[in-house]
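Nothing in this text is a laboratory measurement; each read-out follows from the coordinates by a stated rule. Worth saying up front: this structure is predicted, and the values here are computed from it rather than measured. Cβ: placed from backbone, ideal geometry, glycine included. Neighbour counts: every protein chain shown.
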């Protein structure tokens, strides 16, 4: 297929930045860095009692406790009042000044309160933050054990009732916020808490706060209410930024006209993700990110995510000329030592002279579990020797393929730098590079770092937008992966140099399977048709948005609030969809947590005997309708299907549970099998044995289902005592049942029943039957000795 003449780079920033943190792993690295690092929800579990009778109080040097208008005693009392579960909690430490996030909050007047719940010999530690100026709760996450053997379904309150509880709670927790200032955001990415069938029911809500009557993209509130009506998590995001005038200088009609004239799409190979991993590729039309940039409502100019005016929408692709020094993979079968890996980095990257190697870890790659990588940190010189974490940002980091020696990423500042960064000393005899010289240096470096860079990459150049970093401290470059003459969506490499040409940042969004794309689809949908289809999905709205507040290309971008006209896509029929260029159909890029909010419905279950059960599983994304909206309720399922349903009902994100584990065959199922993740998850929870050979593609029979249910409920040993139970012997076909104890158990529990006196052990199980059994399991919670779904 010939390449399209108008190809542009696309990044998923605009859509994904509003999605859940769970999607952060899928972001291009320079944009993933925009996420705030927070440990406010971290649970610290300790053995034995570590409670102290009197809380320790410490004060950060920058904060003045005498200026606090809301005392620490008032903060603790307010938290106990709003969260009754804290009545038995012990306060271990109180500190004035937030240390829970990086970059640090601009508001130093924050009470940071450390709690501990003691349950026998197990202690659960977590924290809360309260504004010392006005008493507003900033965040609290009740992370002590909540999954007890209780009945959760049906929940005591509905989602609608939970919403009213959430709104009333917000007004109490944040007195500065009025109920009329809350705007419920329906976008995907936060309410995935509602999708777990086994365990506590939780309803998640995301509110933006209206400022001057306009939705804010900077100030927001996230809240979770459980099925009993208790608030279990509250988070108020606000950087205390100044809001500009709410009166736009250009009209909505002018903004709509500008968007319509400048909007553009390009042709890309697009990965389709399943459980966070690409498992398919399509040729798609996707929006050009730059043409979705917001329009400054006070100037009428487009601005980028750093708040700078976007001078040109023109994007050019330049060949990466092969240089003398190109990357050569190691031929050795032995893995690199940490010292050897560090030496490879030190040859090409600039590491400040006062830093030494302080940490080396050999682990599986998060993006490719079949690859071992060295995770290295250099630190020191700032009293942080041996410390790894967001509280100690003066560190450099790198990831290196332990076998090939490829440097996968390097950051001179592993956690970025907030505010003005320290200027590094010039190299001995070094001189500052011109823009032309820096570009030559960047092309030489990409050849030496990226395998077959001249064949697989192209340099992306943005017209009049200069390659200098926003603070003028260096140069930044972006490369995009090409395959068969077509750019690969989301597969970008970013590289930045300081003014002397030293490598200070190198990152890439590595997507597996690009080289395995063999099909050469033809685009049957024209660009004109694609443009019109996309325009119908977009709306232009006036809002406040935050630009900056993150590190990109080794540069911290100071946060600001802008009044903008933004383009908002209709996601009512699916989270982040693209237009398939060969079929003309819309398809979701992510089958993932972030898209779980979409309210699916099936077109072929109305009037079915299992309509209610099927509807519940469809709404929870345990069972997913096909492209035509059909579930096919009477379709027979496989053993693998059943395990997948159980895994999804227990944890919608079950596949990512093992993203860093080495993928080896489990229960006779190989990693490339589509059921592998469900089998792995099931084996880990002892729903099945890792040592058995499971025929996951085989049709599931009722007797097999009975055995799997006994294992799932952790009553498989009990079944040995039920082998001669009258429950089974009364069936007219009992002689055909081999696992009589398992059948007796599930019949006694009401999970399966007879059909005119017969059990029909070899009868295959349909989707409808499976749905009915799962909902019976859900209702059985709290009535068995074991916690169901664990």
task: Mind checking the full-extension length gain between residue 366 and residue 141? Use 0.36 nm per residue of separation minus the Cα-Cα distance, one decimal, nm.
output: 78.3 nm
statement: Here the alpha-carbon Rg of the stretch 247-357 over 2.2 N^0.38 Å rounds to 1.74
- prompt: If each Cα of the stretch 600-780 is one equal point scatterer, what is log10 of I(q)/I(0) from the Debye formula at q = 0.10, 0.11, 0.12 Å⁻¹?
  reply: -0.40, -0.49, -0.58
field: Simple spin-label estimate for residue 171 and residue 754 in nanometres, 7 Å along Cα-Cβ
entry: 5.9 nm
- prompt: If you take the beta carbon distance between residue 699 and residue 150 as r and set R0 to 41 Å, what does 1/(1 + (r/R0)^6) give as a FRET efficiency, to the nearest 0.05?
  reply: 0.70
query: Taking a quarter of the surface of the convex hull around the Cα atoms of the stretch 414-569, what do you get in nm²?
result: 12.6 nm²
- prompt: So, in nm, how far is label residue 762 from label residue 437 when the simple model puts each one 7 Å beyond its Cα toward the Cβ?
  reply: 8.3 nm
statement: Here the FRET efficiency for residue 311 versus residue 454, based on Cβ atoms and R0 = 30 Å and rounded to 0.05, is 0.55
task: For residue 619 and residue 299, calculate 0.36 nm times their separation in residues minus their Cα-Cα distance, and state this gained length in nm to one decimal.
output: 110.8 nm
statement: Here FRET efficiency (C-beta to C-beta, residue 333 to residue 790, R₀ 56 Å, nearest 0.05) is 0.85
Backbone N within the stretch 630-650 under 13 Å of label point (7 Å from residue 692 Cα along the Cβ vector): 639-640, 643
- prompt: If each Cα of the stretch 620-696 is one equal point scatterer, what is log10 of I(q)/I(0) from the Debye formula at q = 0.21, 0.26, 0.27 Å⁻¹?
  reply: -0.95, -1.29, -1.35
message: Testing the spin-label approximation: label points 7 Å from Cα along Cα→Cβ at residue 164 and residue 119. State their distance in nm.
response: 3.1 nm
message: Tell me the Rg and the Dmax, in Å, that the Cα atoms of the stretch 231-306 produce.
response: 18.5, 47
field: Label-reachable residues, the stretch 163-178, where backbone N falls under 20 Å from a point 7 Å from residue 87's Cα toward its Cβ
entry: 169, 173
field: Gained length - residue 64 relative to residue 325, 0.36 nm times residue gap less alpha-carbon distance
entry: 88.4 nm
